[in-house]
Amino acid sequence: MNTILLALCVFLPLLTAPVIYAVCKKSYTFANTLLRVVTLAVFAITLCLVFAREAPSLTLESFSVLSLSFSFAGFRAVLSTLCAFAFMISVFSSRFYFENSAENPRYFAFTMLTMSGTMGVFLSGDLFTTYLFFEIMSLSSWVWVAQTETDQAARVSRSYLAYSIIGGLALLLGIVFVSQATGGVLAFDKLSEAVNALSDKSLLVAGGIFLFTGFGIKAGAFPLHTWLPEAHPIAPAPSSALLSGILTKAGVFGLIISATQLFWGSTEYALLLMASGTITMLLGALVALFTTNLKKALAGSSLSQIGFILVGLSMLTLAKDTAYAAGGVMLHIINHTLIKLVLFISAGAFYKNYHTLNLNKLRGTGRSNKFVAVCFMVASLAISGIPFLSGYVSKTLIHEAIVENMHIASGSLHNYLAVLEILFIVAGGFTLAYMTKLVYKLFIQKPLSAQTKPLKIDFGTRLAIVIPSTLLVLCGIFPSVTYEKIANFCAPSLMSSTFHAHYFAFANIKGALYSILAGIAIFFIIVRLLLMDKKGEVKKLKLPSLEKHLYAPVLSLLSFIGALIARVLYSVVDFIIHIISLIVFFRDPEYIPTDTDDHFGRYTKKYVRAGRISQTLAFELMLCGTGVAIILIYLLVS
């Protein structure tokens, strides 16, 4: 019976997608109700499996040449339950946000497909299953980004699709290398043993680099993060909450598997995660601090919090003092999901009422709705690590993990960790500063006009923000009987041990106070003095874009070089054929007129200048994705 329930967690949304699409064409109300029923059912199933005596597993031997395997064990049980909860909460707010929208059938159907893909990733028992559902999740969630069909949505969705395809190919290549290195072992419960038996790990290292690229893109880890601050704001708010709160965790899931099963105890891999996490943590905070767009600020915040998680994961990878690191990583994943559900859905309420995300135009509009104000402030304080809220618990555990490993480490590693602790506290201060900016603009400043209409939301949206907010408070006040039990449940599957922490001891509160003081200083010095004018308007500052100023020029250069080499080779071959024809034939070959434009890579009727990738890269990626899809279809039916 439990095996059937496990299968329903993955395949029920997948089977429901075409049904919801057809129903929504006839009745939006009924389709919305069906969507709520399905997500609620999947969440209820995960809760039933959590309390089952034995963790169920499922293997589909005849499904493909490599088979598919699923397991509801350890931290995968927590992540899949969290995923089902997040989709259910997001759907609660969909009715209010999407009423009168013409593209509801498409959105509802692809929400179900994305849910199936994400649940498949979290419940996967081997890397092949992870890859298959990772691709389903990535390609179906692309529709969220393109949902509004504006010019900006088209541009950002192309970038998201490009990153998704590149990440998927990198992931596939990484799995091939790992499979070659381990003799075909891909199952999570056998990977660690196979890796420990290796004498030559060169193939494993190559695979690890590609896996970090594929999973890191989805997680939003530096330097693979550039899609995230653009894609999250452009998507509708209910899906932004899921993109930020859950889909990024699919990337983190893969990085956790890589850290615990492939590179356990590797200082080099730990340093890679540490460097990427530290830069991501600080860079995301700067994005959130300097933008005037509400959802982009929340997207920058997501980037920063992923950095916190990666820093905790790097401490776990060191395999020295792991208990606090494992607990901090898992609990911050949960906290970030709950917090972003509240913040993004609230942002959607602002957009639905006032049709703008500009903080200067939204100033004071939240004062009219105390309910939204309280929930938004709870989430803001939680993400800032304020004591007696859940964010404080997870950040304290990660901070303690840094301190404990610093005491154990020696030499250069000790120095790195000492610097990391300082940057961790500073990043926490930046978090408080940019969240204070949002609260100040939305709920404290007076509105631009006394005639500003009040902020209104429906009952479903109220549920969507009050349920996560309540959990943030309860788990923050009673961490020992809530979060600590979850962390200890996950510990064995994270190569760790159980623990008991004194969360409200002065030493732990002192670390939070340092971040709070830093946040207050950053807010008044940077935000109030430098970023706001005398009228309280936030100045818009643009940070340099890696995608615009580095990645795009590099791709243009590579495209030009590739086209140049191909044209030279084409000309050489044509010249050789011409010489051979002169030797073989006694008379001149018949002249065959050619097209007036033989420019290499000519995909359109108009001339395309060499080096311009805007009209060729999308076509190449489409062909690449089509090839991957054909291969997958062949594997599934063969």
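Worth a mention:
One line per residue, one yes/no per condition, for (1) part of a helix (DSSP H, G or I); (2) within 18 Å of G220 (Cβ to Cβ):
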residue	(1), (2)
S159	yes, yes
G168	yes, yes
F177	yes, no
G184	no, no
L198	no, no
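- G385, sole failed condition from (1) surrounded by 18 or more Cβ atoms within 10 Å (Cβ to Cβ); (2) outside any loop (DSSP other than H, G, I, E, B); (3) small (G, A, S): (2)
- Sole residue being under 15 Å from G307 (Cα atoms) and of a type outside the set (A, V, I, L, M, F, W, C), chosen from G245, G184, G208: G245
- Selected residue (only one of G476, G460 is among the small types (G, A, S) and over 22 Å from N335 (Cβ atoms)): G460
- Pick from the stretch 49-64, criterion at pLDDT 85 or above and out of contact with any Ser or Thr (no Cβ under 7 Å at 6 or more places or on another chain), ranking: surrounded by the fewest Cβ atoms within 10 Å (Cβ to Cβ): F51
- Tally of residues being buried (at least 18 other Cβ atoms within 10 Å of the Cβ), hydrophobic (A, V, I, L, M, F, W, C) and farther than 22 Å from F134 by Cα across the stretch 5-33: 4
- Helices (runs of 4 or more DSSP H) lying entirely in the stretch 410-522 (those with 2 or more residues that are more than 19 Å from V393 (Cα to Cα) and touching a Leu at 6+ places or on another chain (Cβ under 7 Å)): 411-439
- Test: residue in the stretch 415-431 that is among the hydrophobic types (A, V, I, L, M, F, W, C), surrounded by 13 or more Cβ atoms within 10 Å (Cβ to Cβ), under 19 Å from I345 (Cα atoms) and modelled with pLDDT of 90 or more: no
The values are calculated or read from the model by the stated rules, or taken from the named source; none is laboratory data. Treat the numbers as computed from the prediction; the structure is a model and nothing was measured. Quick reminder, even Gly has a Cβ in these numbers, built from the backbone with ideal geometry, and neighbours come from all protein chains shown.
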